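One structure is given here, and the rest of the page talks about it.
The values are calculated or read from the model by the stated rules, or taken from the named source; none is laboratory data. If you're wondering where the values come from, they're calculated on a predicted model, not measured in any experiment. Here the Cβ is made from the backbone with ideal geometry for all residues, glycine too, and neighbour counts use every protein chain on show.
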Amino acid sequence: MAELLHQTGGDLTAEQKNLAQRMIENSDNEATATILNTYLDDESNGANTLYRDLHMNRPLRGRFLEKL
C-alpha cells in the first residue's frame, strides 16, 4: 500500500481506494492481489524489490510474485 501511495502521490483512484479499504478493513486477499497485480506488477518497483530481498517468492494468488 505504501508503494502505491508513493507512486500516486497519495491521489488514489476510486477503484484503488475501494481495493485499499477492502484490503485493510476486511483483510481481503483478493483485493490485495488485485492491487499487486494491477498497480504494482513492475519488477523494478519497491514492493517487488522488498519481496525479493525477503525471499518471498511464492505466489499467493494469480501472478503475484511469479516473476521474482
Can you say whether residue 41 is out of contact with any Phe, Trp or Tyr (no Cβ under 9 Å at 6 or more places or on another chain) and not in a helix (DSSP H, G or I), as far as the supplied structure shows? no
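Residue-by-condition table, conditions (1) farther than 12 Å from residue 3 by Cβ; (2) at pLDDT below 80; (3) surrounded by 12 or more Cβ atoms within 10 Å (Cβ to Cβ); (4) not aliphatic (A, V, I, L, M):
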{"residue": "27", "(1), (2), (3), (4)": "yes, no, no, yes"}
{"residue": "33", "(1), (2), (3), (4)": "yes, no, yes, no"}
{"residue": "37", "(1), (2), (3), (4)": "yes, no, yes, yes"}
{"residue": "40", "(1), (2), (3), (4)": "no, no, yes, no"}
{"residue": "43", "(1), (2), (3), (4)": "yes, yes, no, yes"}
{"residue": "52", "(1), (2), (3), (4)": "yes, yes, yes, yes"}
{"residue": "64", "(1), (2), (3), (4)": "yes, yes, yes, yes"}
Out of the range 1-22, which residues are more than 10 Å from the chain's Cα centre (by Cα) and under 17 Å from residue 56 (Cβ atoms)? none
Residue pairs meeting the criteria (Cβ under 7 Å; at least 6 apart or on separate chains; first in contact (Cβ under 8 Å) with a residue 24 or more places away in the chain, in the range 1-25; second of a type in the set (S, T, N, Q)): 3/45; 4/16
The range 1-31, residues that are of a type outside the set (A, V, I, L, M, F, W, C) and either within 22 Å of residue 50 (Cα to Cα) or touching a helix residue (DSSP H, G or I) at 6+ places or on another chain (Cβ under 7 Å) (or both): 3, 6, 7, 8, 9, 10, 16, 22, 27, 28, 29, 30
How many residues are assigned to a helix (DSSP H, G or I), at pLDDT 90 or above and surrounded by 13 or more Cβ atoms within 10 Å (Cβ to Cβ) when one looks only at the range 6-17? 1
